[in-house]
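The next block holds one structure in the form of structure tokens; read it before the comments.
The values are calculated or read from the model by the stated rules, or taken from the named source; none is laboratory data. All values derive from a computational prediction rather than experimental measurement. Note: ideal-geometry Cβ built from the backbone for every residue, glycine included; neighbour counts use all protein chains shown. All accessible areas refer to the heavy atoms of the entire protein, side chains included, with ligands and DNA or RNA removed. Shrake-Rupley method; radii C 1.70, N 1.55, O 1.52, S 1.80 Å.
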Amino acid sequence: MAEKTKGDGHRTETPDVSHIRNVEVTHESSDINVRAVVMFIVVLTVATIVVSFGLQFLFKFFDEQEAKSSRPGPMALTKEERLPPEPRLQAAPGFQLKLENGQTVNLEKSAPQEEYRVLRRKWEENLKTGLKDQSGNVVGLPIDAAIDKIVSEGLPSKVKERDKKLLDYAISVPTASSSGREAEKRLQ
């Protein structure tokens, strides 16, 4: 008898079964049909080869069809239309930058930071000269010019009318004692 000891000190015994004999159970030579297994492997190999050639023919057919129709359909998007909408927040090569004056800066072979640099130069120019519309007219002031203008002219303010009473600015609120039938004026 073979004895085995586990790590925890517990012994397990494997019983000896060599004395048990069953005459009815023996190895049978007809357990597997070797011819059928070999035929299956041959058929599987032939089928794989046929499918491979069929797929190769199909790919060649598709390539020829694509070569015949060189023109894209009327609904196909152009390269610019496939880009995400403006503003593109990701600075990456492959983009071109279109400025307000219509000038296009190609950034395809530039460093990823180049998009930021071009925009930064444009922003600096707008801060110095003022924002311009499409026709080139200045629609905004540079920051320094705007500060000088406010200092010289002062901030615009509303002129108060002297003859109005304070109650003219009050709002009408329904009273609780009249269940909302009458309103009184209250300052808020």
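Take the conditions open to solvent by 90 Å² or more (accessible area, probe 1.4 Å), of a type outside the set (Ser, Thr, Tyr), modelled with pLDDT under 70 and farther than 30 Å from Arg117 by Cα and apply them to Glu3. Does it pass?
For Glu3, the condition - open to solvent by 90 Å² or more (accessible area, probe 1.4 Å), of a type outside the set (Ser, Thr, Tyr), modelled with pLDDT under 70 and farther than 30 Å from Arg117 by Cα - is met.
Within the range 129-141, restricting attention to residues that are in contact with a Leu (Cβ under 6 Å, 6 or more places away or on another chain) and surrounded by 14 or more Cβ atoms within 10 Å (Cβ to Cβ), which residue is modelled with the lowest pLDDT?
Among those residues, the one meeting the criterion is Gly130.
Could you list, in sequence order, the residues of the range 142-169 that are surrounded by 10 or more Cβ atoms within 10 Å (Cβ to Cβ) and either at pLDDT below 65 or among the acidic types (Asp, Glu) (or both)?
Asp144, Asp148
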